[in-house]
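The values are calculated or read from the model by the stated rules, or taken from the named source; none is laboratory data. The model shown is predicted, which means the values in this text are computed figures rather than measured ones. Don't worry about glycine lacking a Cβ; one is built from the backbone with ideal geometry, like all the others, and counts go over all protein chains shown.
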Amino acid sequence: MAYPFELPDLGYDHDALEPHIDARTMGIHHGKHHAAYTNNLNAALADHSDFHGHSVESLLSNIKALPESIRGAVRNNGGGYVNHALFWSIMTPGGADSPSGDLSLAIDNAFGSLDDFKSKFQATAGGQFGSGWGWLCVDGDGAVCCFSTANQDSPLMSGMTPLLGVDVWEHAYYLNYQNRRPDYLSAWWNVVNWDVVAQLYSSTQG
Ligand code: MN3
């Protein structure tokens with residue numbers, strides 16, 4: 001998909017992730033926050049037709065190629081656009097509650113076990129100061145790695161392919177969990193669809 005970018009459908013109802021993520025949070029998060037990133041990304045690109053044919057992934061992967069006048073807006077809003085699209089897709093109800101196959105092996109190789117990975121991921125996402133995201137990514141060598149980014153910075157900007165991301169901005173959890181980010185992160189595993197994550201991993205393994 002290229003300019004003009006459209007807000008992707010959730011593909012499920014706002015209450016589908018209850019009780020772990022409440023319907024009101026989902027409605028505001030998708031319908032207001034994600035919609036705003038989408039509109040602001042389009043506004044930033046409106047007068048720059050040279051870039052209208054590019055995917056947001058391509059724009060972010062080559063962020064330094066953008067004119068300085070729109071680089072910050074695309075970094076923030078393009079990042080917000082693509083980060084949330086991934087976030088909704090990996091929380092699709094149903095699916096596997098743990099990884100299998102090649103992804104399971106890659107996680108075991110990198111982190112020791114799934115539980116070790118979850119501990120590291122929660123510590124990393126929980127420790128992100130202020131707003132940002134926690135990530136499981138594939139690096140340039142095809143190995144999986146775990147880190148966090150600030151604000152809406154996308155792993156694509158540093159050559160990583162995100163497989164699993166959790167939004168730790170307060171808007172993602174405050175209505176239901178208030179300041180208890182660790183409780184949100186613990187509950188969040190209940191809504192992760194590992195089938196989708198495994199598919200994304202497979203698509204990176206040429
Ligand atoms: Mn968000």
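Out of A44, A23, A16, report the one residue that is more than 14 Å from the ligand (Cβ to nearest atom), more than 19 Å from P155 (Cβ to Cβ) and surrounded by 19 or more Cβ atoms within 10 Å (Cβ to Cβ).
A44
In the stretch 43-50, is there at least one residue being over 16 Å from F5 (Cβ atoms) and of a type in the set (A, V, I, L, M, F, W, C)?
No, every residue in the stretch 43-50 fails to be over 16 Å from F5 (Cβ atoms) and of a type in the set (A, V, I, L, M, F, W, C).
Looking at the stretch 134-192, which of its residues are farther than 11 Å from Q122 by Cα, part of a helix (DSSP H, G or I) and within 16 Å of the ligand (Cβ to nearest atom)?
Once the filter is applied, which keeps residues that are farther than 11 Å from Q122 by Cα, part of a helix (DSSP H, G or I) and within 16 Å of the ligand (Cβ to nearest atom), the stretch 134-192 yields P155, E170, H171, A172, Y174, L175, N176, Y177, V191.
Sort out which residues of the stretch 57-104 are touching a residue at least 40 places away in the same chain (Cβ under 8 Å) and either part of a loop (DSSP other than H, G, I, E, B) or of a type in the set (D, E) (or both), and write them in order of number.
E57, M91, T92, P93, G94, G95, A96, D97, S98, P99, S100, D102
In the stretch 105-117, how many are surrounded by fewer than 18 Cβ atoms within 10 Å (Cβ to Cβ), in a helix (DSSP H, G or I) and touching a helix residue (DSSP H, G or I) at 6+ places or on another chain (Cβ under 9 Å)? Break it down stepwise before answering.
If we filter the stretch 105-117 for residues that are surrounded by fewer than 18 Cβ atoms within 10 Å (Cβ to Cβ), which is where we start, we get 105, 108-110, 112-116.
Adding the requirement that they be in a helix (DSSP H, G or I) leaves 105, 108-110, 114-116.
Still in the list and also touching a helix residue (DSSP H, G or I) at 6+ places or on another chain (Cβ under 9 Å): 108, 110, 114, 116.
Summing the residues that are surrounded by fewer than 18 Cβ atoms within 10 Å (Cβ to Cβ), in a helix (DSSP H, G or I) and touching a helix residue (DSSP H, G or I) at 6+ places or on another chain (Cβ under 9 Å) in the stretch 105-117 gives 4.
Going residue by residue through the stretch 96-105, is there one that turns out to be at pLDDT below 95 and either closer than 23 Å to G27 by Cβ or of a type in the set (A, V, I, L, M) (or both)?
yes
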